[in-house]
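Colleague: Mind having a look at this structure? Questions to follow.
The values are calculated or read from the model by the stated rules, or taken from the named source; none is laboratory data. A quick note: this is a predicted structure, and the numbers were derived from the prediction, not measured. Cβ sites come from the backbone with ideal geometry, for glycine too, and all protein chains shown count toward neighbours. Calculation scope for accessible area: heavy atoms of the full protein, side chains included, ligands and nucleic acids excluded. Shrake-Rupley method; radii C 1.70, N 1.55, O 1.52, S 1.80 Å.
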Amino acid sequence: AQKITQTQPGMFVQEKEAVTLDCTYDTSDQSYGLFWYKQPSSGEMIFLIYQGSYDEQNATEGRYSLNFQKARKSANLVISASQLGDSAMYFCAMIGITGGGNKLTFGTGTQLKVEL
Amino acid sequence: ETGVTQTPRHLVMGMTNKKSLKCEQHLGHNAMYWYKQSAKKPLELMFVYSLEERVENNSVPSRFSPECPNSSHLFLHLHTLQPEDSALYLCASSQSAVPGNTIYFGEGSWLTVV
């Protein structure tokens, strides 16, 4: 079984600042994948970034980077140079690759608000 | 424009009604999913289809009935729902149902049961 924990229900950041959203996970799988999704108020779940458990380098996608610390079982999302459009709910999720099926386990999310 | 489109975006239905949610993916994927997102709860996987065959049914009540007529379309038929079924229903797709494939979501259908 997998479990994702996001301990920050809400975060505020000023425009142009960087922000880190925390995510810790628990799994018995040796091989797994970690995802971050963004959900604006419209409801769409937008894929941001992926990190495989055996990837040696932290994933980066534009302003998004994933601070992956395997020993600590954490996969924090870092957003650099925050923009007003970054205000949304952010979900951390994982898949156990050795398990059956392509099933995402989600955390409870962090509501990010970017302020002027 | 999203590669996964859902209609309707908003639906209000009575407990005795029958309605359907529709999902279409334009990504050439072979796996499709229904997820349920209730307030203050993590997203829950409901159904997984791979090549039009249901491969996962996550203990979902029978008042939710999925249908996958082809690899591009997925329906969720709703009948005699309860108010606690009010939620955001998200359709998603991935290249295959093999673990590790990135899952892409649609915009969701907001369902209110009155």
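Colleague: What are the residues in the stretch A:4-39 that are open to solvent by 30 Å² or more (accessible area, probe 1.4 Å) and over 24 Å from B:GLY100 (Cα atoms), if any?
Modeller: Across the stretch A:4-39, the qualifying residues are A:THR7, A:PRO9, A:GLY10, A:MET11, A:PHE12, A:GLN14, A:GLU15, A:LYS16, A:GLU17, A:ALA18, A:THR20.
Colleague: What pairs can you find where one residue is in the stretch A:3-23 and closer than 14 Å to A:SER80 by Cα, the other is acidic (Asp, Glu) and open to solvent by 70 Å² or more (accessible area, probe 1.4 Å), and their Cβ atoms are less than 9 Å apart, with a gap of 6+ or different chains?
Modeller: Final answer for the pair search is A:PHE12/A:GLU115; A:VAL13/A:GLU115; A:GLN14/A:GLU115; A:GLU15/A:GLU115.
Colleague: Give the residues of the stretch A:32-79 that are outside any strand (DSSP E or B), without any contact (Cβ under 8 Å) to a residue 40 or more places away in the chain and either of a type outside the set (Gly, Ala, Ser) or more than 21 Å from A:THR108 (Cβ to Cβ) (or both), sorted by residue number.
Modeller: A:GLU44, A:TYR54, A:ASP55, A:GLU56, A:GLN57, A:ASN58, A:ALA59, A:GLY62, A:ARG63, A:LYS70, A:ALA71
Colleague: Moving to a separate point now. Tell me whether the stretch A:56-66 contains one or more residues that are touching a Ser or Thr at 6+ places or on another chain (Cβ under 7 Å), open to solvent by 70 Å² or more (accessible area, probe 1.4 Å) and more than 14 Å from every other protein chain (Cβ to nearest Cβ).
Modeller: yes
Every residue, every condition in (1) open to solvent by 50 Å² or more (accessible area, probe 1.4 Å); (2) part of a loop (DSSP other than H, G, I, E, B); (3) of a type in the set (S, T, N, Q); (4) without any contact (Cβ under 8 Å) to a residue 40 or more places away in the chain, yes or no:
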residue	(1), (2), (3), (4)
B:THR16	yes, yes, yes, no
B:LEU27	yes, yes, no, no
B:MET32	no, no, no, no
B:LEU45	no, no, no, yes
B:VAL48	no, no, no, no
B:VAL55	yes, no, no, no
B:SER59	yes, yes, yes, yes
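Colleague: Hey, among the residues in the stretch A:86-116 that are open to solvent by 50 Å² or more (accessible area, probe 1.4 Å) and more than 13 Å from the chain's Cα centre (by Cα), which one's farthest from the other protein chains (Cβ to nearest Cβ)?
Modeller: A:LEU116
Colleague: Filter the strands (runs of 3 or more DSSP E) completely within the stretch B:63-113 down to those with at least 3 residues that are open to solvent by less than 10 Å² (accessible area, probe 1.4 Å) and away from chain A (no Cβ under 14 Å).
Modeller: B:73-79
Colleague: How many residues are within 11 Å of chain B (Cβ to nearest Cβ) and open to solvent by less than 50 Å² (accessible area, probe 1.4 Å) when one looks only at the stretch A:40-52?
Modeller: Here the count works out to 7.
Colleague: Show the residue pairs that are 6+ apart or on different chains and have beta-carbon atoms under 6 Å apart, the first residue being within the stretch B:92-114 and in contact (Cβ under 8 Å) with a residue 12 or more places away in the chain, the second being open to solvent by less than 20 Å² (accessible area, probe 1.4 Å) and of a type in the set (D, E, K, R).
Modeller: Short answer, once both residue conditions are applied: B:VAL113/B:ASP85.
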